[in-house]
Amino acid sequence: MTDLADRRGVNTTVYQPAEDSGLLAKAAVSRVSGRVLEVGTGSGWVSEQLVRKTDADVVASDLNPHACRQAAERAAALRQEGERGFQVVRGNLVSPFRDDSFDAVAFNPPYLPADPDAERDDWMETALTGGEDGRAVIDPFLDAVGRVLKPDGEALLLVSSLSGYDDVLDRAEANGFSHEVVVQESYPFETLTVLALK
Ligand SMILES: C[S@@+](CC[C@H](N)C(=O)[O-])C[C@H]1O[C@@H](n2cnc3c(N)ncnc32)[C@H](O)[C@@H]1O
């Protein structure tokens with residue numbers, strides 16, 4: 001188990017909001033409107049911020065059924081308060097969704113390079129690690145997200161220096177995206193950046 005994984009609550013089945021979640025929410029709240037998808041919603045906290053702080057119509061998805069349940073409970077609690085709530089869909093990346101259907105797609109992906117000495121086979125591993133180089137989920141996301149974006153839509157992707165910032169940019173460019181840095185913060189272990197990809 002890595003120190004970073006340790007700090008991020010490996011004893012739960014659902015990733016709980018951390019500094020990366022906060023950074024993605026901050027970036028997304030400043031930019032999104034219309035129909036917005038949050039991929040890999042985890043607890044649903046980022047989607048909740050989008051509902052509370054923007055007028056976007058939010059859809060949240062995750063591969064992890066426990067995350068979908070927790071996010072759906074959060075959406076239900078929002079509706080109880082009289083807020084709009086958000087829809088929750090279980091699925092792999094953007095595969096459940098139609099072409100050209102979102103104005104924005106936000107994703108805080110699993111990005112830690114896997115530690116071969118501390119491999120786990122659970123949902124927290126799915127939330128945290130992206131294979132040997134940290135990009136095992138980021139790369140297919142970059143290859144697929146353009147399909148579900150409307151022509152003027154943009155993807156907001158959280159990128160850590162731990163998963164190779166330049167490699168992520170190269171893959172985004174190879175998929176026809178230009179990029180803009182929306183927000184960037186440095187921490188003791190890593191620098192986190194939210195990229196807007198158009
Ligand atoms: C780092 S967590 C982020 C959770 C939440 N968005 C946040 O910022 O607090 C990554 C999330 O992506 C989900 N995930 C991993 N691979 C996925 C995939 N292929 N398709 C959809 N979700 C995936 C994980 O289950 C996890 O909930």
Measure of exposure for D117: accessible area at 1.4 Å probe, Å² rounded to 10, is 150
D (µm²/s, integer) via Stokes-Einstein for the stretch 84-130, Kirkwood Rh across alpha-carbon pairs, 4 °C, 1.567 mPa s: value 97
A 1.4 Å probe over the protein heavy atoms gives the stretch 106-198 a carbon and sulfur accessible-area percentage of 47
For the D121, Y165 Cβ pair and Förster radius 25 Å, calculated FRET efficiency rounded to 0.05 is 0.30
Of all DSSP beta bridges with both partners in the chain, the antiparallel percent, nearest 5, is 40
log10 I(q)/I(0) for the stretch 24-74, Debye formula on C-alpha points only (no solvent), q = 0.20 Å⁻¹, two decimals, reads -0.59
One would report the Cα pair-distance distribution of the stretch 1-113, bin width 10 Å, in %, as 15, 48, 31, 6, 0
Computed about the Cα centre, the charge dipole of the chain from +1 Lys/Arg and -1 Asp/Glu charges at the Cβ has a magnitude in debye, to the nearest 20, of 940
Computed over the chain, protein heavy atoms only, probe 1.4 angstrom, the accessible area per residue in square angstrom equals 45
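Using heavy-atom solvent-accessible surface (probe 1.4 Å) with all chains present, what is the largest-first order of V58, V181?
V181, V58
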Expected field for K198, accessible surface area in Å² at 1.4 Å probe radius, rounded to 10, holds 120
Rounded to the nearest 0.05, FRET efficiency between R79 and Q16 (Cβ-Cβ, R0 25 Å) equals 0.70
Largest-first ranking of S30, S47 by accessible area, probe 1.4 Å, whole protein assembly kept, is S30, S47
Note: D55 to Q87 extended length (0.36 nm per residue) minus current alpha-carbon separation gives 10.1 nm
Quick P(r) readout (the stretch 139-198; Cα-Cα; 5 Å bins; whole %) gives 4, 19, 31, 25, 13, 6, 2, 0
Correct semi-axes for the chain, from √(5λ) of the alpha-carbon gyration tensor and rounded to whole Å with the largest first, are 24, 21, 15
Taking a straight Cα-to-Cα line shorter than 12 Å from K198, and setting aside same-chain aspartates and glutamates fewer than 8 residues away, one finds D103, D152, E154, E173, E180
Relative contact order of the chain (C-alpha contacts under 8 Å, at least 6 apart) in percent is 20
About its Cα centre, the stretch 93-198 carries a charge dipole, from +1 on Lys and Arg Cβ atoms and -1 on Asp and Glu Cβ atoms, whose size in debye to the nearest 20 is 440
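Taking 0.36 nm per intervening residue step and subtracting the Cα-Cα distance, what contour gain separates A174 from K198 on full extension? Please list the in-between numbers first.
Values: separation 24, 0.36 × 24 = 8.64 nm, distance 1.25 nm.
7.4 nm is the gain from fully extending A174 to K198.
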Output row, site H66, 7 Å Cα→C-beta label point, backbone N cut-off 19 Å, window the stretch 31-53, residues 40-46
Quick calc, the stretch 148-198, dipole around Cα centre from Cβ unit charges on Lys, Arg (+) and Asp, Glu (-), nearest 20 debye, gives 180
Ignoring ligands and nucleic acids, T191 exposes an accessible area, probe 1.4 Å, in Å² to the nearest 10, of 40
Where a ≥ b ≥ c are root eigenvalues of the Cα gyration tensor, a/c under 1.5 meaning rounded, otherwise prolate if a/b exceeds b/c and oblate otherwise, the stretch 87-164 counts as prolate
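The values are calculated or read from the model by the stated rules, or taken from the named source; none is laboratory data. Keep in mind the model is a prediction, meaning the values are calculated, not measured. For neighbour counting, all protein chains shown are included, and Cβ atoms are generated from backbone atoms with ideal geometry for every residue, glycine included. Note: accessible area is taken over every heavy atom of the protein model, side chains too, but ligands, DNA and RNA are not part of it. Shrake-Rupley method; radii C 1.70, N 1.55, O 1.52, S 1.80 Å.
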